[in-house]
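Below you'll find the structure, written out as structure tokens, and then a few comments.
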Amino acid sequence: MAHSFWPGLAVQISTGFSHGSTSIFAPAGTPAHSIFSLSMLVLSIVAAIFLVVAGLLLYAVVRYRHRADAANASVEPPQIYGSTQIELSWTVIPVLIVVLLFLATARIILTTQNAPKPANALDVTVIGHQFWWEYDYPKLGIVTANELHIPVSDPKHPTPTYLTMSSADTDHSFWVPRLAGKMDLIPNQINTMWIDPQAPGLYLGQCAQYCGVQHAKMLIRVYADNPPEFAAWVAHQQQPAVDDPGVAEGRAVFLHNACMSCHTIAGTAATGRFGPDLTHVASRDTIASGSVTNNPANLRAFIDNPATFKPGVLMPAMHLSQHDLDAVVAYLSTLK
Amino acid sequence: MAVQTTTTAGTTQAAPRRLLLEVLHDWVTTVDHKKIGLMYIGYALFFLVVAGCQALLMRIQLAVPNNHFVSPQTFDSLFTMHGTTMVFFVGMPILFGFGNYLVPLMIGARDMAFPRLNAFSFWISAFGGMLLYFSYFGASGLYGAGSAPDVGWFAYAPLTAQIFSPGHSTDYWTLAILLSGIGNIGTALNIVATTICMRCPGMKLNRMPLLVWLYLVTSCLAFVTISPLTAAQIMLMLDRYVGSHFFDTQAGGSAVLWMHFFWIFGHPEVYILVLPAFAFANEIIPVFSRKAIFGYPAMVAASVGIGFISLSVWAHHMFTVGLGPGPNTFFTLATMVIAVPTGIKIFNWLATIWGGKIHFTVAMMFATGFLFQFLIAGLTGIMLSVAPFDWQLGNSYFVVAHFHYVLVGAILFMIFSAFYYWFPKMSGRMLSERLGKWHFWIFLIGFHLTFDFMHVPGLLGMPRRIYTYEADRGWMIWNMIVSSGAVFQAVATLLFVYNMVWSYFKGPIAGPDPWDAWTLEWSTASPPPAYNFAEVPTVESRRPLWDIKHPEDPDSRYE
């Protein structure tokens, strides 16, 4: 019973209800898979315990209820003070279950957290910020934000991605349920985890440690690309920023305002690190840490008043004139 | 049995009405453990309603995605105030209130060991609660009215540093916790001293009612674990105002250090709250099953065992902070081990009702709900003790559902049960059983709507503490159901409050022993006179009143 019910419910949750996006029962990478298998074992055991104990409780509650019309209704039932044998049995059996569960768990902890790192693993440094994600590829010379591109990992020739994580300000937590469990990003401390999506596609998640006002809109997008697409993406990101003379005016607005204090655009004087790197901002699908689609209208609204989409965001409203606003949006839209 | 009540019990009925000021003066200056207990309970009930309203506002906000019912800033202070209030200003005072009231009565004592310390502890805790809520006006000066702490109830560093939390809201939070901690340590010490020194003749340790045993364990735990919490608050204040760097990560401090300090308090705190719920169950379930508790020595051993083990499990709140595989494995094992004594308790309660004659009064209905719900809460707890499972479920709505199953499904159900059971002793009048049944069933429906379905969005990837969520994640339907359950719970709670007020004035007179029970508090009048017992009782077994009612078959023959 327990063995068919829980996986059945799990399948329903992963397929029937979810939109495929963030269910822990729809694993798509090795760590998430091993957690899923372990969770099925745990669920089966606790479901079995529940059925036995709840069944006994229910039976006792119904069977031993007081009946006012019974012949001996006013007589106290026999008083039983305890039984060493019975109590010993319900001590020893739980101990055995605990041993079993512990061994199965210890195995997954060690195989996940002590997994040897293959030579061809991709390294990415993840820095949590209030309220966005910085992704650095140290060996590839790429810095980007909020949309993490990594290669698909073929189980026969795994190419996992190793994340080295820290925070620039408060605690954050990186959680993409279909790929792996979460890992916190803590200032002044380096944490690591690895992911290996086994099918191409977009994997969603979000910050899972309360980090301030906009914790809710610190969304995560992981793009698992096939090897050729990933190589193309890398080559593109390694280019310097597009320098289109047609939008020189917008570029000037960007460089003559406070924008450059917080944002970097490679190849220009803008080298700020407080906000996301904008060198290839137009190549991203979303802005505001995944909360809205990247299109000129949204970009314009965001620059005019970032609190439109993310009240409490650290970027101030820039109070640009309508003319300057149009110019800077036109400029940023060319940064493919 | 209850003939000694002429003086005090008589005055409440017959004496001319006193001025309101006289009555107030009486309560403010009292050192009577019963009055202090009642003040604890009343104060906790007030905050229960306040923090319940905060929960309602949050559930309205989360009922649909991208809702604009409250601002993100408001939502953040709502969940901070809800959690802080429920743990420190509802859970602790209501349980210490019952402890204050019941422990001396059940051990045949005339008051607590230190009556004036008792009054001091209550008033300092109460002042802490006032200070927390004063933050709404004082945190940013009057121009910032409405600002309240917004760092979450476990207030992780460095979000609490001056730079991330300017103004004074975090200071009010810190001071409130510090003051309530001082009060709680005082009361814990008092209960330990009372239990050890004030027992009536014949009440050896192994004849103490289980409730008293559990209050002894819970008080020892509070005594041990509130100290590090208080120390951490002082360190945080030093960081914020003197420029020390305990938790200041910008200057080399450690965010994880705060987590250790907080959870070495925070996890035992769960047991500090749940052990009194076990205590109520240990008294109420036997009386309404008409049987002695099954396996008294094992119950005592399991309680003491839980007390000790609970001190070694704190880092299961930290499976995702990067402690490494070694600590993760150790704390998985330590956490799982606690399931064994907890299991013993459930099985012993099962064996107690087995073969009994269960009277389904409202108190017993709530206790039965407790048994089923605590079973489920324990099982989801085992799931969360599996570190890799926790990497997925930690900080998700699954965890929120799990601990509300403990706090509401187990603890609050037992608190309601305790009200229906001991209200007659405290007030002299019975609570309405008819209203009580409505209260029970409506609350049960609301509880299950809310907290059963709350597990699902967690499994679907919804983190806690988000003021809104994306529409495309498939979380809305679950959140809608969860929010609808909250309405039922609110209605049921209103019924309960109404029942208490109505019954206090109009309920049937209870008499000293309305439940045909067995422990000493039922041997004196309802409400008990000042100093409880005209003559200090002498006991010969765990159930002194059973011995009196069944002279042909006393417990003392078997112990």
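Of these, A:Pro245, A:Pro311, A:Pro296, which one is more than 29 Å from A:Ile150 (Cα to Cα), of a type outside the set (Gly, Ala, Ser) and without any contact (Cβ under 8 Å) to a residue 40 or more places away in the chain?
Every option except A:Pro245 fails the conditions.
Restricting to the stretch A:64-87, give me the number of residues that are surrounded by 12 or more Cβ atoms within 10 Å (Cβ to Cβ) and either more than 7 Å from chain B (Cβ to nearest Cβ) or at negative phi (or both).
11
For the stretch B:266-322, enumerate the residues that are over 30 Å from B:Trp391 (Cβ atoms), under 21 Å from the mean Cα position of the chain (by Cα) and hydroxyl-bearing (Ser, Thr, Tyr).
B:Ser303
Mind checking which residues of the stretch B:58-106 are crowded, with 24+ Cβ neighbours inside 10 Å and outside any helix (DSSP H, G or I)?
Within the stretch B:58-106, no residue meets the criteria.
Could you pull out the residue among B:Phe419, B:Phe389, B:Phe398 that is within 30 Å of B:Arg434 (Cα to Cα) and either within 13 Å of another protein chain (Cβ to nearest Cβ) or hydrophobic (A, V, I, L, M, F, W, C) (or both)?
Details: B:Phe389 fails: within 30 Å of B:Arg434 (Cα to Cα); B:Phe398 fails: within 30 Å of B:Arg434 (Cα to Cα).
Sole residue among the options that is within 30 Å of B:Arg434 (Cα to Cα) and either within 13 Å of another protein chain (Cβ to nearest Cβ) or hydrophobic (A, V, I, L, M, F, W, C) (or both): B:Phe419.
Quick grid of which residues meet (1) more than 9 Å from chain B (Cβ to nearest Cβ); (2) touching a helix residue (DSSP H, G or I) at 6+ places or on another chain (Cβ under 7 Å); (3) in a helix (DSSP H, G or I); (4) surrounded by 12 or more Cβ atoms within 10 Å (Cβ to Cβ):
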site	(1), (2), (3), (4)
A:Ile24	no, yes, no, yes
A:Ala48	yes, yes, yes, yes
A:Ala60	no, yes, yes, yes
A:Pro94	no, yes, yes, yes
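Go over the candidates B:Gly295, B:Gly252 one by one and state the one that is within 11 Å of chain A (Cβ to nearest Cβ) and farther than 15 Å from B:Lys345 by Cβ. Reasoning before the result, please.
Values: B:Gly295 fails: farther than 15 Å from B:Lys345 by Cβ.
Step by step, each of B:Gly295, B:Gly252 is checked, and only B:Gly252 is within 11 Å of chain A (Cβ to nearest Cβ) and farther than 15 Å from B:Lys345 by Cβ.
Quick test for you: out of A:Ala282, A:Ala241, A:Ala269, pick the one residue that is assigned to a loop (DSSP other than H, G, I, E, B), touching a helix residue (DSSP H, G or I) at 6+ places or on another chain (Cβ under 8 Å) and farther than 13 Å from A:Ala327 by Cα.
Testing whether each residue is assigned to a loop (DSSP other than H, G, I, E, B), touching a helix residue (DSSP H, G or I) at 6+ places or on another chain (Cβ under 8 Å) and farther than 13 Å from A:Ala327 by Cα leaves just A:Ala269.
Within the stretch B:276-298, can one find any residue that is closer than 17 Å to B:Trp153 by Cα and part of a helix (DSSP H, G or I)? I'd like the intermediate steps shown before the answer.
Of the residues in the stretch B:276-298, the ones closer than 17 Å to B:Trp153 by Cα are none.
No, the stretch B:276-298 contains no residue that is closer than 17 Å to B:Trp153 by Cα and part of a helix (DSSP H, G or I).
How about the stretch B:506-559: which of its residues are of a type in the set (Ser, Thr, Tyr) and not in a loop (DSSP other than H, G, I, E, B)?
Initial filter on the stretch B:506-559 (of a type in the set (Ser, Thr, Tyr)): B:519, B:523-524, B:526, B:531, B:538, B:541, B:556, B:558.
Passing the criteria: B:Ser523, B:Ser556.
Scan the stretch B:256-284 for residues that are within 11 Å of chain A (Cβ to nearest Cβ) and either at positive phi or crowded, with 24+ Cβ neighbours inside 10 Å (or both) and report the count.
Narrowing the stretch B:256-284 to residues within 11 Å of chain A (Cβ to nearest Cβ): B:256-259.
Next, only the ones that are either at positive phi or crowded, with 24+ Cβ neighbours inside 10 Å (or both) stay: B:258-259.
Number of matching residues: 2.
Which of the residues that make up the stretch B:348-357 are surrounded by fewer than 22 Cβ atoms within 10 Å (Cβ to Cβ) and either hydrophobic (A, V, I, L, M, F, W, C) or more than 7 Å from chain A (Cβ to nearest Cβ) (or both)?
B:Leu350, B:Trp354
For the stretch A:253-266, what are the residues that are aliphatic (A, V, I, L, M) and not in a loop (DSSP other than H, G, I, E, B)?
Of everything in the stretch A:253-266, those that are aliphatic (A, V, I, L, M) and not in a loop (DSSP other than H, G, I, E, B) turn out to be A:Val253, A:Leu255, A:Met260.
Here's a check for you: in the stretch A:214-228, which residue that is over 18 Å from A:Arg284 (Cα atoms) and more than 10 Å from every other protein chain (Cβ to nearest Cβ) is farthest from the chain's Cα centre (by Cα)?
A:Pro228
List every residue pair whose Cβ atoms lie under 9 Å apart, where the two residues are 6 or more positions apart in sequence or sit on different chains, the first residue falls within the stretch B:51-80 and is more than 25 Å from B:Thr493 (Cα to Cα), and the second residue, located anywhere, is hydroxyl-bearing (Ser, Thr, Tyr) and surrounded by fewer than 21 Cβ atoms within 10 Å (Cβ to Cβ).
B:Pro65/B:Thr468; B:Asn66/B:Thr468; B:Asn67/B:Thr468; B:His68/B:Thr468; B:Pro72/B:Thr468
Each row is one residue, and each column tells you yes or no for (1) touching a residue at least 24 places away in the same chain (Cβ under 8 Å); (2) of a type in the set (Gly, Ala, Ser); (3) surrounded by fewer than 23 Cβ atoms within 10 Å (Cβ to Cβ).
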| residue | (1), (2), (3) |
| --- | --- |
| B:Phe370 | yes, no, no |
| B:Gly394 | yes, yes, no |
| B:Val399 | yes, no, yes |
| B:His402 | yes, no, no |
| B:Gly409 | yes, yes, no |
| B:Met414 | yes, no, no |
| B:Glu433 | yes, no, yes |
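Would the stretch B:208-219 turn up any residue that is modelled with pLDDT of 95 or more, within 30 Å of B:Ala334 (Cβ to Cβ) and polar (S, T, N, Q)?
Yes: the stretch B:208-219 contains one or more residues that are modelled with pLDDT of 95 or more, within 30 Å of B:Ala334 (Cβ to Cβ) and polar (S, T, N, Q).
Quick check on this structure: which one of B:Asp239, B:Asp171 is in contact with an Asp or Glu (Cβ under 7 Å, 6 or more places away or on another chain) and in a helix (DSSP H, G or I)?
Step by step, each of B:Asp239, B:Asp171 is checked, and only B:Asp239 is in contact with an Asp or Glu (Cβ under 7 Å, 6 or more places away or on another chain) and in a helix (DSSP H, G or I).
For the stretch B:446-463, name all the residues that are in contact with a Gly (Cβ under 8 Å, 6 or more places away or on another chain) and surrounded by 20 or more Cβ atoms within 10 Å (Cβ to Cβ). Please lay out each step first, then the result.
Filtering the stretch B:446-463 down to residues in contact with a Gly (Cβ under 8 Å, 6 or more places away or on another chain) leaves B:446-451, B:453, B:460-461.
Within the stretch B:446-463, B:Gly446, B:Phe447, B:Thr450, B:Phe451, B:Phe453, B:Leu460, B:Gly461 meet the criteria.
Of the numbered conditions (1) in contact (Cβ under 8 Å) with a residue 40 or more places away in the chain; (2) in a helix (DSSP H, G or I); (3) closer than 18 Å to A:Val213 by Cα, B:Tyr136 satisfies every one except a single condition; which is it?
Unmet for B:Tyr136, out of (1) in contact (Cβ under 8 Å) with a residue 40 or more places away in the chain; (2) in a helix (DSSP H, G or I); (3) closer than 18 Å to A:Val213 by Cα: (1).
Out of the stretch A:207-222, which residues are assigned to a strand (DSSP E or B) and touching a helix residue (DSSP H, G or I) at 6+ places or on another chain (Cβ under 8 Å)?
Result: no residue meets the conditions.
The values are calculated or read from the model by the stated rules, or taken from the named source; none is laboratory data. Just so it is clear, the structure is predicted and the values come from calculations on it, not from any experiment. Positions of Cβ are backbone-derived with ideal geometry, glycine not excepted, and every protein chain shown enters the neighbour counts.
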